[in-house]
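The values are calculated or read from the model by the stated rules, or taken from the named source; none is laboratory data. Since this is a predicted model, take the numbers as computed values, not measurements. Cβ coordinates were reconstructed from backbone atoms using ideal geometry, including for glycine residues, and neighbour counts include every protein chain displayed. Note: accessible area is taken over every heavy atom of the protein model, side chains too, but ligands, DNA and RNA are not part of it. Shrake-Rupley method; radii C 1.70, N 1.55, O 1.52, S 1.80 Å.
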Amino acid sequence: YEDAEDQIMKMIRNKEVLYYTPKESKSRRGYQAGGSVEDPSMYRSDGSKKSAQGFLGPVKNNVEGGTMTEVSVGMEINGKEMEVPTMVPTLTKKEIETLANMKLEGNAKNIPKSIIIKAKQHALQRIEQGLSPFYQDGEK
């Protein structure tokens, strides 16, 4: 067992595998694809892969240090609970700056109402067009 434990610790140190405590793993899901480790922040809570681009391009979060492309929130749309992106084309520069300067993880309730409204409107519009609420790579 010691050899196996040492091997596992070495793999974690070398970032060959990602390790999260049980608390961390609730909000992050790591996926292994084709022998390489994928960044778990690039996956939504339902397991679908996020775009590295999003509607607005990558925006740095000045509080948490990561890059934001979606900032998903859960809401009811057409009687169904679903996640939708808040980083949508209709946001003002000030609203984008607000998201970039706030703690987002576990803090959706503090996202300004104007951003939530725009996110819902944008999601509804895309769903009516038969599209995912989320940006799909290759879209114009």
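In this structure, the amide hydrogen of Met68, modeled 1.01 Å from its nitrogen in the peptide plane, lies closer than 5 angstrom to those of Val59, Lys60, Asn61, counting only residues at least 5 positions away or on a different chain. Accessible surface for the range 49-140, divided over its residues, is 59 Å² per residue with a 1.4 Å probe.
For the range 60-105, lysine pairs with C-alpha atoms less than 22 angstrom apart, excluding pairs fewer than eight positions apart on the same chain, total 5. The H on the amide N of Tyr43, modeled in the peptide plane, is under 5 Å from the matching H of Lys50, each at least 5 residues off or on a different chain.
Computed from the C-beta positions of Ser41 and Glu128, the FRET efficiency with R₀ = 30 Å rounds to 0.50.
Expressed as a fraction of 2.2 N^0.38 Å, the C-alpha radius of gyration for the range 56-140 is 1.05.
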